[in-house]
Protein chains: 2
Amino acid sequence: MNEINQQTYSISELSKEFEITPRSIRHYEQEQLISPKRAGSQRIYTKGDRVRLQLILRGKRIGFSLAEIREIITMYDSPSGEQKQTELLLDKIEQRRKALNQQQKDIETMLLELNQLENRLIK
Amino acid sequence: MNEINQQTYSISELSKEFEITPRSIRHYEQEQLISPKRAGSQRIYTKGDRVRLQLILRGKRIGFSLAEIREIITMYDSPSGEQKQTELLLDKIEQRRKALNQQQKDIETMLLELNQLENRLIK
DNA sequence: AGTTACCTTTACGTTAACGTAAATATGAGA
DNA sequence: TCTCATATTTACGTTAACGTAAAGGTAACT
């Protein structure tokens, strides 16, 4: 039992599921964030591609640029072989983490401010 | 003891403190996010303006557009008088909160993924 | 064979958030 | 008075992230 359960998706299927335009998905491909296979000229997306698309959209919601998301993605795709490269990756991971932690703080303060504002209004 | 401790800032002082260009600050003014007083033609920023600028930058770090930030700011400046308006404001607050909660989730998943990636590299 | 529903590539258009340059004003110090 | 630092307004330029045609290919009904 091999080669079974290889579900794939068309571009319109994914665009409907995630509520984005096909144009956006093609744009992400053009920006090297995703690389679907082809059947002739038609793009075919695997489950892995779908996961990657989810990662892209998650990054966008957090406010990352496509360039930043590409950096993250290429970290995932790194051969994980050479030591020097690994150091660099760990560095970048640490940077990302710091930015994300800062965002967490920012979000929490903003949530607090919203609460205060709400209280002012309700009172 | 009134009218004391009214510290103010010039545009370059604020731009240095927050590591942004004066151009950006003027842009925020043009977009109605801040409204400093003037001494002749020169802009003079009060402590309140400074706080507002911090709010702007915090919003930016979270990934908000200037338009969204302006919405939040105008919520703060609302007269808090009419009931109908108040309802609308509470609605918008709720929307903001939902978006922020989603972002918190997104950030946490991304932090988890970074951890996994790191473990893969260290192992 | 004709229409319909998707798909493709190419390419110009648009918006946000500034960058950058030019020309000008102003107060402080040498 | 001259120069320097800092300020102003005006306006065109730039980049990212798509939007929006336009022109055409392909597989499946009718």
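Every number in this text was worked out from the coordinates using simple rules, so none of it is lab data. What you see is a predicted model; the values in this text were computed from it and never measured. Note that each Cβ is placed from the backbone with ideal geometry, even for glycine, and that neighbours are counted across all protein chains shown.
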| query | Tally Lys/Arg at +1 and Asp/Glu at -1 over every other residue whose Cβ is under 14 Å from the Cβ of A:Tyr45; what's the total? | reply | +4
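How crowded by other chains is B:68-75, given as the mean number of beta carbons from other chains within 10 Å of each beta carbon?
Working: counts 0, 0, 0, 0, 4, 0, 0, 5.
Average per residue, whole number: 1.
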| Cα-based reach from A:Lys47 at 28 Å (exclusive), listing lysines while leaving out same-chain residues under 8 positions away | A:Lys16, A:Lys37, A:Lys60, A:Lys92, B:Lys105, B:Lys123
| task | Find, among the GluC sites (Glu not before Pro) in the range B:1-100, those assigned to loop by DSSP (not H, G, I, E, B) with at most 12 other beta-carbon atoms within 10 angstrom. | result | B:Glu3, B:Glu19, B:Glu82
| message | If you average the alpha carbon positions of the range B:60-92 and of the range A:15-29, how far apart do those two centres end up, in angstrom? | response | 31
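B:Thr21 to A:Leu112: FRET efficiency via 1/(1 + (r/R0)^6), r the Cβ-Cβ distance, R0 35 Å, to the nearest 0.05? Could the numbers behind the result be given before it?
Details: r = 29 Å, r/R0 = 0.84.
Here the calculated transfer efficiency is 0.75.
Take the Cβ-Cβ distance between A:Glu13 and B:Val51 as r, set R0 to 41 Å, and report the resulting FRET efficiency rounded to the nearest 0.05.
Working: r = 48 Å, r/R0 = 1.16.
The calculated FRET efficiency here is 0.30.
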| Which residue fluctuates the most in chain B, going by a Gaussian network model with Cα springs under 10 Å, if the choices are B:Leu53, B:Leu90, B:Leu33? | B:Leu90
| Simple spin-label estimate for B:Thr86 and A:Asn119 in nanometres, 7 Å along Cα-Cβ | 1.7
| field | Helical contribution to [θ] at 222 nm, DSSP H n ≥ 4, -39,500 (n - 2.57), averaged over chain B, rounded to 500 | value | -22500 deg cm²/dmol
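How charged is the neighbourhood of B:Asp77? Take every other residue with its Cβ under 12 Å from the Cβ of B:Asp77, and add Lys/Arg as +1 and Asp/Glu as -1.
Counting the neighbours of B:Asp77, the net charge comes to +2.
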| said: Looking at the calculated P(r) for chain A, what percent of the C-alpha pair distances fall above 18 Å? | reply: 65
